[in-house]
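Okay, structure first, notes after.
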Amino acid sequence: MTTNEITDLLTEAYVDELETVMNYLTNAIVLDGVHAEEVKTSLEADVQEELEHARMLGERLKQLDEAPPGSESFEANQHSLQPPEDTTDVQSVIEGVLEAEDDAIETYRALHEAASEANDPVTEDVAVTILADEEAHHTEFRGFQKEFPQD
Ligand SMILES: [Fe+2]
Ligand SMILES: [Fe+2]
C-alpha cells in the first residue's frame, strides 16, 4: 500500500536528481586543468545515471497515480555544488559531490524503509537499485578525494 511518506520521498528524490543532473553537467563543463580530466569524465557519466534515476522515480510516481513535478515547485539546495569561481578548484567540486551523494544515500535509505514498512516491494526495489548506484558514485569520489588531501 502506498503512503504519503512514500510519494513525498519519491517526489523529493526526483527533484534532487534533476538538481544533481544540472550541477554535475555544469561542473563537467567548467572545470579546468590536468587534475580535472578524470573528475569531468566521471561527472559526465554520472549525469546519465542520475537522469535515469529521475526517470525511474517519476515512473514509479505515475504508477502510484501521482505525477512528478515541473520546475515551478523547484527549490535549489545544493549550495556546495555550485561551480567554483576558480575553475581549477577540483577539490571543492569533489567535496560537493560527496555531500550530494551522502544526501542521496540518506534519502534512498529512508525510501527503502518507508516502502518496506508499507509493504510496497516495487518501490523498495527502486530504492535499492538507485541506492547501489549512489554508493558507487560516493566510493568513486572518495577515491578522488584521497588524491586531493585536505590540509
Ligand atoms: Fe541519483
Ligand atoms: Fe549519484
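Structure summary
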{"item": "Residue within the stretch 110-125 that is surrounded by 14 or more Cβ atoms within 10 Å (Cβ to Cβ), within 27 Å of THR3 (Cβ to Cβ), of a type outside the set (A, V, I, L, M, F, W, C) and under 11 Å from the mean Cα position of the chain (by Cα) present", "result": "no"}
{"item": "Residues that are in contact (Cβ under 8 Å) with a residue 40 or more places away in the chain and either buried (at least 19 other Cβ atoms within 10 Å of the Cβ) or in a helix (DSSP H, G or I) (or both), drawn from the stretch 19-33", "result": "GLU19, THR20, ASN23, TYR24, THR26, ASN27, VAL30, LEU31"}
{"item": "Residues that are loosely packed, with under 14 Cβ neighbours inside 10 Å and in a loop (DSSP other than H, G, I, E, B), drawn from the stretch 34-76", "result": "ASP65, ALA67, GLY70, PHE74, GLU75, ALA76"}
{"item": "Conditions (1) at pLDDT below 95; (2) of a type in the set (S, T, N, Q); (3) in a helix (DSSP H, G or I); number of the one not met by SER92", "result": "(1)"}
{"item": "Criterion: free of Cβ contacts under 8 Å to residues at least 60 places away in the same chain and within 16 Å of ligand 2 (Cβ to nearest atom) - qualifying residue of ILE94, ILE130", "result": "ILE94"}
{"item": "The listed residue being modelled with pLDDT of 95 or more and either more than 14 Å from ligand 1 (Cβ to nearest atom) or in a helix (DSSP H, G or I) (or both), out of THR7, THR2", "result": "THR7"}
{"item": "Inter-residue pairs, beta-carbon under 6 Å, first closer than 18 Å to ALA54 by Cβ and within 16 Å of ligand 1 (Cβ to nearest atom) and in the stretch 99-125, second at pLDDT 95 or above and outside any helix (DSSP H, G or I), 6+ apart", "result": "ALA100/GLN78"}
{"item": "The stretch 126-139, subset surrounded by fewer than 17 Cβ atoms within 10 Å (Cβ to Cβ) and more than 13 Å from GLU106 (Cα to Cα), residue farthest from ligand 1 (Cβ to nearest atom)", "result": "THR139"}
{"item": "Tally, over the stretch 28-63, of residues that are within 16 Å of ligand 1 (Cβ to nearest atom) and either of a type in the set (Gly, Ala, Ser) or touching a Cys at 6+ places or on another chain (Cβ under 9 Å) (or both)", "result": "5"}
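For (1) assigned to a loop (DSSP other than H, G, I, E, B); (2) out of contact with any Ser or Thr (no Cβ under 8 Å at 6 or more places or on another chain); (3) hydrophobic (A, V, I, L, M, F, W, C), each residue gets a yes or a no:
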{"site": "ALA110", "(1), (2), (3)": "no, yes, yes"}
{"site": "ASN119", "(1), (2), (3)": "yes, yes, no"}
{"site": "GLU124", "(1), (2), (3)": "no, no, no"}
{"site": "GLU134", "(1), (2), (3)": "no, yes, no"}
{"site": "PHE144", "(1), (2), (3)": "no, no, yes"}
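The values are calculated or read from the model by the stated rules, or taken from the named source; none is laboratory data. Just so it is clear, the structure is predicted and the values come from calculations on it, not from any experiment. Cβ atoms come from the backbone with ideal geometry, glycine included; neighbour counts cover every protein chain shown.
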